Amino acid sequence: MAIINSRKQHAVGQGFFQSGELSEDNALRLRYVVDCGAMAKYASQLNSRIDAYLACVGARQPLDLLFISHAHADHLNGLERLLDKTKGLAVKTIVMPLLNVEDRLIAYARAALEDALSADSMLYKAFVIDPASALGRFNPERIIFVESDSRDGGAPFNGGPDDPGTGPGDSAMQLYGNREIPWKLAGNGFFRSDAKMTADLKSGVAGIMPDSLGMVYASTGTTPAWLLAPYVDPSIKARAAQFMKALAAARGQTVAALKKWLRSTHNVEKLLTAYISDLKSAYAAIHADLNVTSMCLYSGPVPTFNQPASRYFGRFGQWTVSSRKSGVAWLGTGDAALADRKRLKAFFKHYGALLQEVVTMTLPHHGSEHNFDVELLDHIQPSFCIASADRFSNWLHPGTSVVQSVASTGRFLSVVTSDVESEVAETTIVA
C-alpha cells in the first residue's frame with residue numbers, strides 16, 4: 001500500500017494555480033487547489049490551463065479543499081471558471097486567511113491601478129466587499145477563515161514525529177458536519193462557527209480557526225498521514241496605516257471616521273464604484289507594492305519515528321529530476337513578507353521540525369527581492385525553488401539577487417511563466 005501525492009504548478013504567468021491530489025493504491029482520496037488566477041493579460045493562458053485540468057479531472061468532480069492565499073486578483077480570478085456550475089469542480093471546503101477591510105481595499109486598489117480588467121470583475125468586487133458572501137455562490141459546504149494564532153502554538157506536529165502540539169490532538173478535532181470528508185483537523189485550538197458569516201452562505205457553515213490547526217488526511221494501514229498546514233503572515237500595520245491615512249485624506253475624512261464608514265458593506269461597494277479614484281490616489285500616494293495578509297501552506301507527510309521510504313520525482317519544464325533529500329513536502333509562501341527578520345523567525349518557529357521535510361519551496365511574492373531572505377534557503381534547505389512570474393514585467397520577478405542566492409547555493413530554480421512548457425509537475429510515492 002502507498003500514498004501517491006501528485007502536484008502541478010500550472011503555467012499562468014504573474015499569478016498562481018497549483019493543483020494537488022492524494023491517492024492510495026491509485027484510488028483518489030483527496031483533491032486540493034492552491035489559488036487560481038493570473039493577470040488579465042494572461043486570461044487566455046489561464047483559461048486554457050483550467051480547461052485542461054478540468055478535462056483531466058472531469059466536470060463536477062469534488063474539490064475537497066480550495067486554498068486562497070491572499071486577496072490579490074491574480075490569485076483568485078480564475079475561480080469562476082474552475083468552479084463553474086456546469087463544467088467546473090464542486091468545491092467542498094474553502095480555506096483562506098481572515099482579512100480585514102483594509103487588506104481587501106489595498107489589494108483592490110493595486111488591481112485598479114495595475115490590472116484594471118481584473119479589478120472590474122464582478123466576483124472580485126464582491127470578494128472585496130464580503131468574502132463569505134462572494135464565495136458562497138459556489139455552494140461550499142464550509143468556508144474556513146484562518147487567523148494567526150496569538151498564542152503562537154505553531155503548526156501541528158511542528159515539534160517532531162507524532163507530536164500534534166499541546167492541544168487535545170487530532171482525535172478530538174472534528175469540524176461540524178465532516179463525517180463524510182476525507183480529512184480532519186489536527187493541532188492546538190478549535191474551529192468556531194460564525195453566525196454572520198454563515199448567514200452569508202446559501203448553505204453550509206463558515207467560521208474561524210487559528211493557524212495552529214491543520215488538515216490531516218488520515219490514511220489507512222501502515223501508510224503515513226498527510227498534513228496541510230497553513231500559516232498566516234499578517235499585513236504590515238505601519239504600511240496599512242499609511243494607506244488608510246492617504247485614503248482618508250482623499251475622502252476628506254479623518255481616519256477614525258473612514259473606518260466607521262467602512263463598517264457598512266454598502267459603503268465599501270460605493271468606494272469600489274463611485275469613489276474608485278480615491279482608492280487609486282491613496283495607493284499611488286504610498287508608492288509601494290504593499291504587503292497584504294497572506295497565507296502560507298505546508299503540504300507533506302506527518303512526520304513519524306518510523307518514517308517510511310519515499311521517492312520524489314519532479315518535472316521542471318524540460319528537466320526531470322529527483323531529490324537526495326529524505327523529505328518530500330512542498331511549502332507555499334504566498335506573498336509573505338519574509339525579508340523582515342522578525343517575521344522570518346516567527347515563520348520558522350511556526351513550522352519548526354516540519355521544515356526538515358520540505359523538498360520544494362515556492363519563493364515568496366513571485367521571487368520578489370522585498371520578500372526574500374537567504375536564510376530561507378539556509379534554514380529550510382529545499383532542493384528546488386519555484387517562482388511563478390511573468391516572462392517580461394515591470395516587477396522584474398524573480399529578483400536578480402534572489403536568483404543569484406538560489407543558484408549560488410547549488411539549488412534548482414524554476415520560473416513558471418505563461419508558457420505551458422514551464423509547467424512544474426511533482427510526484428511523491430510514500431510506501
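The values are calculated or read from the model by the stated rules, or taken from the named source; none is laboratory data. Keep in mind the model is a prediction, meaning the values are calculated, not measured. We place every Cβ from the backbone using ideal geometry, glycine too, and count neighbours over all the protein chains shown. When the accessible area is computed, the model is the full protein with side chains, heavy atoms only, and any ligands, DNA or RNA have been set aside. Shrake-Rupley method; radii C 1.70, N 1.55, O 1.52, S 1.80 Å.
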By residue number, the members of the range 313-350 that are under 15 Å from Phe412 (Cβ atoms) and hydroxyl-bearing (Ser, Thr, Tyr) are Thr320, Ser322, Ser323
Looking only at the range 351-389, and only at residues there that are of a type in the set (Phe, Trp, Tyr) and touching a Phe, Trp or Tyr at 6+ places or on another chain (Cβ under 7 Å), the one that is farthest from Asp74 (Cα to Cα): Tyr351
Which residue pairs have Cβ atoms closer than 8 Å, lie 6 or more positions apart in sequence or on different chains, and pair a first residue in the range 272-298 that is closer than 17 Å to Ala241 by Cβ with a second residue that is in a loop (DSSP other than H, G, I, E, B) and aromatic (Phe, Trp, Tyr)? Asp289/Trp395
In the set Leu76, Leu89, the lone residue that is in contact with an Asp or Glu (Cβ under 8 Å, 6 or more places away or on another chain) and among the hydrophobic types (A, V, I, L, M, F, W, C) is Leu76
Within the range 379-407, residues touching a residue at least 60 places away in the same chain (Cβ under 8 Å) and closer than 23 Å to Gly352 by Cβ come out as Ser383, Phe384, Ile386
The residue that is farthest from Trp226 (Cα to Cα), considering only those in the range 323-347 that are modelled with pLDDT under 90 and loosely packed, with under 15 Cβ neighbours inside 10 Å, is Arg324
Give the residues of the range 297-322 that are open to solvent by less than 30 Å² (accessible area, probe 1.4 Å) and either touching a His at 6+ places or on another chain (Cβ under 7 Å) or under 14 Å from Gln356 (Cα atoms) (or both), sorted by residue number. Tyr298, Ser299, Gly300, Pro301, Val302, Pro303
Members of the range 205-229 found to be at pLDDT below 95, small (Gly, Ala, Ser) and under 15 Å from the mean Cα position of the chain (by Cα), listed by number: Gly214
Unique residue being at pLDDT 95 or above, within 22 Å of Gly13 (Cβ to Cβ) and more than 17 Å from the chain's Cα centre (by Cα) when the list is Ala90, Ala134, Ala109: Ala109
Please give the helices (runs of 4 or more DSSP H) falling wholly within the range 76-144 in which 3 or more residues are buried (at least 22 other Cβ atoms within 10 Å of the Cβ). 101-114, 122-129, 131-136
